[in-house]
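Report on one structure; see the data block that follows.
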Amino acid sequence: MATFPKFRTLAGAGVIASAALLAFACAKRPSSGGLISADAAKAVYVAPGQYDEFYAFMSGGFNGQIGVYGLPSGRRLKTIPVFSQYPENGYGYSEETKPMLNTSYGFVPWDDTHHPALSQTNGEDDGRWLFINANNTPRIARIDLTRFETEEILEIPNAGGNHGSPYITQNSEYVMSATRFSVPVPNSDVPISDFKKRFKGQISFIRADQPGKMAIAFQMIVPGFNYDLARAGKGPSNGWVFFSMYNTEQANSLLEVNASQNDKDFVAAVNWKAIEGCAKAGKTKNVAASYVHNFTDEFTRVAKSETVTSVPQFEAKDCPGAIYFLPTPKSPHGADVDPTGEYIVAGGKLASVIPVHSFSKMIKAIEAKAFEGNIDGIPVLKYDATLAGEVKNPGLGPLHTEFDGKGYAYTSFFISSEVVKWKLGTWEVVDRVPTYYSVGHLMIPGGGTMKPNAKYMVAMDKITKDRYLPTGPELTQSAQLYDISGDKMKLLLDFPTEGEPHYAQAIEAKKIKDKQIKFFKLADSKAPHVSRSEKETGISREGKKVHVRMTAIRSHFSPDNIEGVQVGDTVLFHVTNLEQDWDVPHGFAVMGATNGELLIMPGETRTLQWTPKKPGVYPMYCTDFCSALHQEMQGYVRVSPAGSSVALSGVTSRGPQSLPKAEAGPKQQQ
Amino acid sequence: MPKSARILVAVAALLMCAGFVLPLWRVDLVAPQYPEGLGMLIRVNTVVGVKEQDLNSINNLNHYIGMKRIEPDAIPELKYMPAILGVLVVSALGVAALGKRGVLSAWTAAFGAVLAAGLYDYWKWGYEYGHDLDVETAIIKIPDMTYQPPLIGSKQLLNFTATSWPASGGWLLVIATALVAVAVWQSYRRAPISPDRVA
Ligand SMILES: [Cu+2]
């Protein structure tokens, strides 16, 4: 395939591996008391009643959620469920939210989140939305930061492992998705040994700047490598995106050895402005595919899942100038662009240097056609023609780099378990600090944008042995907060996190905190089963379905006693929270319900489906401690045998009575 | 009336016009559960929440103690207060135009009586809401406890600190009253020399 020379350096890899062992042996745990200055406690102390300076959004990794923390305190503020069902608030359990977890494979209750990306305006975090990828069943979600809720999810067709995702362009035009696992395109039953022939990679650009309208703008089919991480260009390099990749060997088994053969893999430089031109010129084809787009309607608060049946696709070679390969040492992980947009820093996981590419040299090299070959029609540039410099002997296992906007870069080293600060331009290491232990990504607020706010750096660690009280076989993963405002990095705080804090974003709190929605206006609700007051509640039967429209307000349900349900019925409790006040959710649970509970925000309507199996009387109650008489917020449902003559009825504050009938189907919207 | 006094009364009339658009009185409620506060604004023809949903929230909370809902449409005073204010403004302009000291005195007395009646009515309104509790449905019943908000100033009502104070329109009415007082004082201080004779 490749027409450029390959060097096999098994011996070199051996040296690195033994050096890694040495490093682990040497990384004896220094007593943290000696490292932490007395000022550290003061630096992270946020007094009771005071606010943190930053919101940090940390991916939950294999819990499929996002953890929201305050910095510098490390206090956990919220968990935002994204790709996983969340029993705490009924996300993925209520009828209104289930469609968010629909995929072309059906309902998927779990995924693995890795890389949150804040929306940007002019290369700066603007605090409108947060995007995050699902690795396993490839998807990208948009979270609205006025409500801290997942509002939209788009599935990515022809992808296998959506890891290089969802990096964002400087005006939020696009978020990206690059496949980790190349797969047959379209997916089909082929021998895995046909990998080189049949398996393809894909890089997709998803239109991101219109809520509710995420869509694949174009999908480029690329050689079957493993695409890893990315970062959009900025300033002069705006219009480009840089993707790292490994396994250019195209191994399909035992990758740890077989994909570590080439001396160099690539960073792919992708010119999305050129691709927009190709798309306009009709070079993309609408190829049949089947994937879903899920979004929550702002007024009904009901998620919808729609199937999309085609994707605008093209082969890289059909759009000349769309993509170039930049040879980069040894299985690069991060491909990070500095705030000026000039430097592209690659973290070769097995490399002994940190190579830095120059954007301006790359453009000159493209103009001068300084190619050393091509792969499937994609030009491969000469390493020396794009190289700006190399950071020599920085550490072991460079992964990911962020920037402080003052001319310095900070690179995480997984194997030697440290963060190294070095200077852009001179490539000299100026400082290093240990992490506890095995840091993956690191994060500086705005550290991937044109305007970093480099007061703090957070290192996200995979291993925490001996750092916290032990908790059985599985220990917490953790974040570590460093002060990077001075010349020397200073460790301030360790804080355990939920799931795996894979990567994070942080933003000045002032950009978000005053935009919060406090409740949903009942008067504006277009929820199909809303009861805007107790007078609008009702019960009705539609064959084997019983619709119960109920209200919840401090401290009662209306109706609170329901009779006339029969075994074999499916009961749909449509509960509207009548509160129009901040932070007064009500919960709803019924004994024996096999799905979950509802947590209903003020002004919202949520539906719990319940199929009682046996005759009896079933208590129901409010699960959220809402008021002084929360414990009184309860009721019963009587379930009679099938065919019973007990009439449908409910008890409201108007007294025991047959309730007005709820309309069977969704109410007509005005 | 000296010219200055006539101007003062005319200005007072204009300030009183502000009562048609600006709130007259404000009641704030703060509790541990409501550090951000809930509030009511009393306007010449209605009662509204400081924040859009505040009145609704206050009414919902009041159900615990069996207090009647505050429904602006059901408060008769709010129906005729705009007319009273209108008559006061027009008659004040009339007083300024006529420039007769005696008319001013009579008008001032009437104005004072209306203000006093208004404050008494507001106090009585608070008294009734605070005392006329539906003991049948009240959830929290504390013997001898009543929930009358203060006329002016602060008072602790269970977990809420209630503070009642004139709002912007109310303050303008206070200033108008002061201007009228000054006009009266000027009219009588200069009494020995008639303005015609000085001219
Ligand atoms: Cu409740």
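The values are calculated or read from the model by the stated rules, or taken from the named source; none is laboratory data. The structure displayed is predicted, hence computed values, not measured ones. Don't worry about glycine lacking a Cβ; one is built from the backbone with ideal geometry, like all the others, and counts go over all protein chains shown.
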Practice problem: With the checklist (1) in contact with a Gly (Cβ under 8 Å, 6 or more places away or on another chain); (2) of a type in the set (Val, Ile, Thr); (3) in contact (Cβ under 8 Å) with a residue 40 or more places away in the chain in hand, flag the one item B:THR146 doesn't pass. | Solution: (3)
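Check whether at least one residue in the stretch A:507-516 is in contact with a Ser or Thr (Cβ under 8 Å, 6 or more places away or on another chain) and under 24 Å from A:LEU118 (Cβ atoms), and report yes or no. Break it down stepwise before answering.
Let us first name the residues in the stretch A:507-516 that are in contact with a Ser or Thr (Cβ under 8 Å, 6 or more places away or on another chain), namely A:515-516.
Subset that is under 24 Å from A:LEU118 (Cβ atoms): A:515-516.
Checked the stretch A:507-516: at least one residue is in contact with a Ser or Thr (Cβ under 8 Å, 6 or more places away or on another chain) and under 24 Å from A:LEU118 (Cβ atoms).
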Practice problem: Among the residues of the stretch A:292-342, write down those that are outside any loop (DSSP other than H, G, I, E, B), touching a helix residue (DSSP H, G or I) at 6+ places or on another chain (Cβ under 7 Å) and surrounded by fewer than 22 Cβ atoms within 10 Å (Cβ to Cβ). | Solution: A:LYS304, A:SER305, A:PRO312, A:PHE314
Quiz item: Quick one: A:ASN171 ticks every box in (1) in contact with a helix residue (DSSP H, G or I) (Cβ under 8 Å, 6 or more places away or on another chain); (2) at pLDDT 95 or above bar one, so which box is it?
Solution: (1)
Quiz item: Of all the residues that make up the stretch B:118-156, how many are away from chain A (no Cβ under 14 Å) and within 25 Å of B:GLY37 (Cα to Cα)?
Solution: 25
Quiz item: Wholly within the stretch A:68-178, which strands (runs of 3 or more DSSP E) include no fewer than the required count, namely at least 1 residues that are within 15 Å of A:MET214 (Cβ to Cβ)?
Solution: A:117-121, A:124-134, A:139-144, A:149-155, A:174-178
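Could you grab me the full set of residues in the stretch B:28-48 that are among the polar types (S, T, N, Q) and within 11 Å of chain A (Cβ to nearest Cβ)? Don't jump to the end; show me each part of the working.
We begin by selecting, within the stretch B:28-48, every residue among the polar types (S, T, N, Q); these are B:33, B:45-46.
The answer is B:GLN33, and nothing else.
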Practice problem: Please indicate, with yes or no, whether at least one residue in the stretch B:114-128 is touching a Leu at 6+ places or on another chain (Cβ under 9 Å) and basic (Lys, Arg). | Solution: no
Exercise. May I ask you to list the residues in the stretch A:549-576 that are more than 14 Å from chain B (Cβ to nearest Cβ) and more than 36 Å from the chain's Cα centre (by Cα)?
Key: A:PHE557, A:PRO559, A:ASP560, A:ASN561, A:ILE562, A:GLU563, A:GLY564, A:VAL565, A:GLN566, A:VAL567, A:GLY568, A:ASP569
Quiz item: Pick from A:THR426, A:THR435, A:THR449: which is β-branched (Val, Ile, Thr), over 22 Å from the mean Cα position of the chain (by Cα) and crowded, with 20+ Cβ neighbours inside 10 Å?
Solution: A:THR435
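A:ASP514: surrounded by fewer than 16 Cβ atoms within 10 Å (Cβ to Cβ), assigned to a loop (DSSP other than H, G, I, E, B) and either of a type outside the set (Gly, Ala, Ser) or out of contact with any Lys or Arg (no Cβ under 8 Å at 6 or more places or on another chain) (or both), yes or no? Reasoning before the result, please.
Numbers: surrounded by fewer than 16 Cβ atoms within 10 Å (Cβ to Cβ): yes; assigned to a loop (DSSP other than H, G, I, E, B): no; either of a type outside the set (Gly, Ala, Ser) or out of contact with any Lys or Arg (no Cβ under 8 Å at 6 or more places or on another chain) (or both): yes.
The answer is no for A:ASP514.
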Practice problem: Quick one: A:GLU152 ticks every box in (1) modelled with pLDDT of 95 or more; (2) under 21 Å from A:PHE83 (Cβ atoms); (3) surrounded by fewer than 19 Cβ atoms within 10 Å (Cβ to Cβ) except a single one, so which number is it? | Solution: (3)
Exercise. Filter the stretch A:568-588 for residues that are part of a strand (DSSP E or B) and crowded, with 20+ Cβ neighbours inside 10 Å and give the result.
Key: A:VAL571, A:PHE573, A:HIS574, A:VAL575, A:THR576, A:ASN577, A:HIS586, A:GLY587, A:PHE588
Practice problem: Could you run through the stretch A:549-577 and say how many residues are more than 11 Å from the ligand (Cβ to nearest atom), out of contact with any Lys or Arg (no Cβ under 7 Å at 6 or more places or on another chain) and not β-branched (Val, Ile, Thr)? | Solution: 9
Quiz item: Does A:LYS545 satisfy the condition of being in contact with a Ser or Thr (Cβ under 7 Å, 6 or more places away or on another chain) and charged (D, E, K, R)?
Solution: yes
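Looking at B:LYS51, B:LYS100, which is the one that is away from chain A (no Cβ under 14 Å), out of contact with any Phe, Trp or Tyr (no Cβ under 9 Å at 6 or more places or on another chain) and of a type in the set (D, E, K, R)? If you could, list the steps in order and put the result at the bottom.
On the way: B:LYS51 fails: away from chain A (no Cβ under 14 Å).
Residue meeting the stated conditions: B:LYS100.
Name the residue that is nearest to the other protein chains (Cβ to nearest Cβ), counting only residues in the stretch B:55-83 that are farther than 21 Å from B:ILE140 by Cα and more than 16 Å from the chain's Cα centre (by Cα).
Taking the stretch B:55-83 as the starting set, the residues that turn out to be farther than 21 Å from B:ILE140 by Cα are B:71-83.
Still in the running and more than 16 Å from the chain's Cα centre (by Cα): B:71, B:73-74.
Details: B:GLU71: 14, B:ASP73: 16, B:ALA74: 17 Å.
Residue satisfying both the conditions and the ranking: B:GLU71.
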Quiz prompt | Selection from the stretch A:343-361 of residues that are in a loop (DSSP other than H, G, I, E, B) and in contact (Cβ under 8 Å) with a residue 60 or more places away in the chain | solution = A:LYS349, A:LEU350, A:SER352
Quiz item: Of the conditions (1) within 24 Å of the chain's Cα centre (by Cα); (2) farther than 26 Å from A:LEU387 by Cα, A:SER412 fails just one. Which one is it?
Solution: (2)
Exercise. With the condition kept exactly as written, say whether any residue in the stretch A:595-602 is in contact (Cβ under 8 Å) with a residue 40 or more places away in the chain, more than 14 Å from the ligand (Cβ to nearest atom), polar (S, T, N, Q) and surrounded by fewer than 22 Cβ atoms within 10 Å (Cβ to Cβ).
Key: yes
Quiz item: Given the structure, is B:GLY19 within 14 Å of chain A (Cβ to nearest Cβ), crowded, with 17+ Cβ neighbours inside 10 Å and closer than 26 Å to B:LEU119 by Cα?
Solution: no
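Here's the yes/no breakdown for (1) in a loop (DSSP other than H, G, I, E, B); (2) within 16 Å of the ligand (Cβ to nearest atom); (3) touching a residue at least 12 places away in the same chain (Cβ under 8 Å); (4) surrounded by 14 or more Cβ atoms within 10 Å (Cβ to Cβ):
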site	(1), (2), (3), (4)
A:LEU608	no, yes, yes, yes
A:LYS613	yes, no, yes, no
A:PRO619	no, yes, yes, no
A:THR623	yes, yes, yes, yes
A:CYS626	yes, yes, yes, yes
A:GLY635	no, yes, yes, yes
Self-check item: Test set (1) more than 14 Å from every other protein chain (Cβ to nearest Cβ); (2) within 13 Å of the ligand (Cβ to nearest atom) - A:VAL546 fails condition number
Solution: (2)
